[in-house]
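The values are calculated or read from the model by the stated rules, or taken from the named source; none is laboratory data. Small disclaimer: the values here were computed from a predicted structure and weren't measured. Neighbour counts are summed over all protein chains in view; Cβ atoms, including those assigned to glycine, are modelled from backbone coordinates with ideal geometry.
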Amino acid sequence: MSSRSEVLEEFFISLQEAMWRILSRSWESVELRDLRRIAAADVAYRGDLALAVAICWDLERGEPVEEKWLACEALYPYVPGLLFLREAPPMLRAVKLLEHEWSLLLVNGHGLLHPRRMGLAVILGLVLGKPALGVAKSLLVGVEGPGEDWGPVEVSGEILGYWFKTRSGGKFYVSPGYLLTVDQVPELVRILGSRYPEPLAYADKLSKRLARSLSP
DNA sequence: GCGACAG
DNA sequence: ATCTTGTCGC
């Protein structure tokens, strides 16, 4: 795995800022009608090996209809705000391996809830040109607004996503990745079962299981 | 300057 | 994220 580079990180931060300057001019969104099949992506690690998983999930059947995975070298260390350097490349390839059609990609990581509005889910959705939703287990930026089972998360007074209570007392955070607006988030989470999205939970377990089955 | 910080 | 068994508790 390559070591951190101040010059490279500075450049990609500038790139994120430039991308947002352009995207924010006309943030597009689509109506998600046909949500029968959705994709989910996650990455697990075993030493310096990255194990990326992409699955296609049938929402009506409540089970996966396709599973693809890919192993490669971990490309870059984890740096808050630059997670895409580490996970987007293998995730993208894994998703591209899917042969089924899907209409929404669930990503393990933030979307707009990012210091520069350019979380992993935004990058992946942008590259794929398809709707994407960011789902994270902890907050990178933002403050939680009031709510019983769910509520808004805002950054400098602007709502960029929502927090949701898990049935086990925890929380998870959801924000638009691409081709979605913030106000579509609560409805989407409801459609996904009002709980931590099963497809992501499944992809998470699968990636970890595969990673641990690899040679140390 | 100090702390916070997706996975 | 990952290294890791049993254990406390609903």
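Summed over segment A:77-95, the residues that are buried (at least 20 other Cβ atoms within 10 Å of the Cβ), in contact with a Lys or Arg (Cβ under 9 Å, 6 or more places away or on another chain) and not small (Gly, Ala, Ser) give a count of 1. Just checking, which of A:Val143, A:Val182 is farther than 17 Å from A:Asn108 by Cβ and within 12 Å of DNA strand B (Cβ to nearest atom)? Going through A:Val143, A:Val182 in turn, the sole match is A:Val143. Within segment A:4-44, being touching a helix residue (DSSP H, G or I) at 6+ places or on another chain (Cβ under 8 Å), surrounded by fewer than 17 Cβ atoms within 10 Å (Cβ to Cβ) and not in a helix (DSSP H, G or I) holds for A:Ser29, A:Leu35.
Here is the figure for segment A:169-181: residues that are at pLDDT 95 or above and out of contact with any strand residue (DSSP E or B) (no Cβ under 6 Å at 6 or more places or on another chain) total 4. Given the criteria in a loop (DSSP other than H, G, I, E, B) and either among the small types (Gly, Ala, Ser) or over 13 Å from the mean Cα position of the chain (by Cα) (or both), does A:Ser103 qualify? Judged against the criteria, A:Ser103 is a match. Would you check which residues across segment A:1-42 are touching a residue at least 40 places away in the same chain (Cβ under 8 Å), more than 29 Å from A:Trp102 (Cα to Cα) and among the small types (Gly, Ala, Ser) and list them? Residues satisfying the conditions are A:Ser2, A:Ser3. Can you work out which of the residues in segment A:185-205 that are assigned to a helix (DSSP H, G or I) and within 13 Å of DNA strand B (Cβ to nearest atom) is surrounded by the most Cβ atoms within 10 Å (Cβ to Cβ)? Here the residue is A:Ala203. For segment A:140-172, a tally of residues being within 16 Å of DNA strand C (Cβ to nearest atom) and more than 17 Å from A:Ala201 (Cα to Cα) returns 1. Inspection of segment A:118-136 finds a residue satisfying the criterion of being within 8 Å of DNA strand B (Cβ to nearest atom), part of a loop (DSSP other than H, G, I, E, B) and crowded, with 24+ Cβ neighbours inside 10 Å.
Which count do you get for residues in segment A:1-52 that are more than 16 Å from DNA strand C (Cβ to nearest atom), closer than 30 Å to A:Val65 by Cβ and not small (Gly, Ala, Ser)? Residues meeting the conditions: 10. Do any residues in segment A:77-90 that are modelled with pLDDT of 95 or more have Cβ atoms under 8 Å from those of residues that are among the aromatic types (Phe, Trp, Tyr), where the two are at least six apart or on different chains, and which pairs are they? Cβ pairs passing all conditions: A:Leu82/A:Phe12; A:Leu82/A:Tyr76; A:Leu85/A:Phe12; A:Leu85/A:Tyr76; A:Arg86/A:Tyr76; A:Arg86/A:Tyr78. Given the conditions (1) in contact with a Phe, Trp or Tyr (Cβ under 9 Å, 6 or more places away or on another chain); (2) in a helix (DSSP H, G or I), and given that A:Val65 satisfies all but one, which numbered condition is not satisfied? Only one criterion in (1) in contact with a Phe, Trp or Tyr (Cβ under 9 Å, 6 or more places away or on another chain); (2) in a helix (DSSP H, G or I) is unmet by A:Val65, namely (2). Going by the structure shown, is A:Leu105 modelled with pLDDT of 95 or more, away from DNA strand B (no atom under 12 Å from the Cβ) and buried (at least 24 other Cβ atoms within 10 Å of the Cβ)? When the stated conditions are applied, A:Leu105 passes them.
What residue, among those in segment A:65-90 that are within 15 Å of A:Pro199 (Cα to Cα) and within 18 Å of the chain's Cα centre (by Cα), is nearest to DNA strand B (Cβ to nearest atom)? Quick ask: steps written out before the conclusion?
Step one: of segment A:65-90, the residues within 15 Å of A:Pro199 (Cα to Cα) are A:65-69.
Checking which are within 18 Å of the chain's Cα centre (by Cα) leaves us with A:67-69.
On the way: A:Glu67: 18, A:Lys68: 17, A:Trp69: 15 Å.
Among those that are within 15 Å of A:Pro199 (Cα to Cα) and within 18 Å of the chain's Cα centre (by Cα), it is A:Trp69.
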